[in-house]
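S.K.: The structure's right below; bear with me while I get my questions together.
The values are calculated or read from the model by the stated rules, or taken from the named source; none is laboratory data. From a predicted model like this one, the values you see are computed outputs, not experimental measurements. Please note: Cβ atoms are built from the backbone with ideal geometry, for glycine as well, and neighbour counts cover all protein chains shown. In case anyone asks, the SASA skips ligands and DNA or RNA and just uses the protein heavy atoms, side chains included. Shrake-Rupley method; radii C 1.70, N 1.55, O 1.52, S 1.80 Å.
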Amino acid sequence: QVQLVESGGGLVQAGGSLRLSCAASGSIASNNVMGWYRQAPGKQRELVAIITTYGSTTYADSVKGRCTISRDNAKTTVYLQMNSLKPEDTAVYYCNTRRIGGLRDYWGQGTQVTVSS
């Protein structure tokens, strides 16, 4: 089992910044992908950004240039620095991890990000 605990969400004005953190514990695969997804009301969950244990990153087009994903040296904590936030970034942000090539996803409980205009 893998446990993911997110933190760092909140209310921010448009143009502001937030930094999300996700700490993983438990049976973490040595080669894995960790990242962030988000779900706005009435919409499907969508990828925001992911990073592998090898440092490869993928970003949604909607956040490229505004968000940076990173992870600590122990590779058990992943961060999402979000800048120039827009009202359309408002959503519940979920941390996710899975073994590279694996089929099982692990999810955090989610953290609310609200961007006011």
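S.K.: Going by the conditions given, is residue 54 out of contact with any strand residue (DSSP E or B) (no Cβ under 8 Å at 6 or more places or on another chain) and on the phi < 0 side of the Ramachandran plot?
M.R.: Spelling it out, residue 54 is indeed out of contact with any strand residue (DSSP E or B) (no Cβ under 8 Å at 6 or more places or on another chain) and on the phi < 0 side of the Ramachandran plot.
S.K.: Mind checking whether some residue in region 6-27 is outside any strand (DSSP E or B) and not small (Gly, Ala, Ser)?
M.R.: No: zero hits.
S.K.: Starting from residues that are surrounded by fewer than 18 Cβ atoms within 10 Å (Cβ to Cβ) and among the hydroxyl-bearing types (Ser, Thr, Tyr), keep the ones in region 103-117 and report whichever is nearest to residue 82 (Cα to Cα).
M.R.: Only one residue fits best here, namely 114.
S.K.: If I ask for residues that are in contact with a Lys or Arg (Cβ under 8 Å, 6 or more places away or on another chain) and either acidic (Asp, Glu) or more than 18 Å from residue 9 (Cβ to Cβ) (or both), which ones from region 38-79 would you list?
M.R.: Matches in region 38-79: 46, 51, 53.
S.K.: Checking residue 44 against (1) touching a strand residue (DSSP E or B) at 6+ places or on another chain (Cβ under 9 Å); (2) of a type outside the set (A, V, I, L, M, F, W, C); (3) surrounded by fewer than 18 Cβ atoms within 10 Å (Cβ to Cβ), which test does it fail?
M.R.: Evaluating residue 44 over (1) touching a strand residue (DSSP E or B) at 6+ places or on another chain (Cβ under 9 Å); (2) of a type outside the set (A, V, I, L, M, F, W, C); (3) surrounded by fewer than 18 Cβ atoms within 10 Å (Cβ to Cβ) leaves (1) as the failure.
S.K.: Now for a separate question. Any idea which residue in region 48-102 is most open to solvent (accessible area, probe 1.4 Å), counting only those that are of a type in the set (Lys, Arg) and assigned to a loop (DSSP other than H, G, I, E, B)?
M.R.: 64
S.K.: While we're here: Restricting to region 28-38, give me the number of residues that are open to solvent by 60 Å² or more (accessible area, probe 1.4 Å) and in a strand (DSSP E or B).
M.R.: Number of matching residues: 0.
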